[in-house]
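To start, I am sharing the structure in question, which I have written as structure tokens.
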Amino acid sequence: MLKIYLDWNSINNIQTRHPKLYELIKEYGHLFIFPYSNAHIRDLIVS
């Protein structure tokens, strides 16, 4: 399986700014792994 890392800003804006990409992820997302970084999200929450 292919891993695709999306940072928090990408995740936040993907639905409104990149609707075609959002639709592709909805349709084919089951074919990929979308890892995320707990540390990155914690840093964003603190700031």
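The values are calculated or read from the model by the stated rules, or taken from the named source; none is laboratory data. Just so it is clear, the structure is predicted and the values come from calculations on it, not from any experiment. Cβ coordinates were reconstructed from backbone atoms using ideal geometry, including for glycine residues, and neighbour counts include every protein chain displayed.
Return the total of residues in the chain being among the acidic types (Asp, Glu), surrounded by 11 or more Cβ atoms within 10 Å (Cβ to Cβ) and at pLDDT 90 or above.
Matching residues across the chain total 1.
Can you report the number of residues in the chain which are of a type in the set (Gly, Ala, Ser) and over 13 Å from the mean Cα position of the chain (by Cα)?
Summing the residues that are of a type in the set (Gly, Ala, Ser) and over 13 Å from the mean Cα position of the chain (by Cα) in the chain gives 2.
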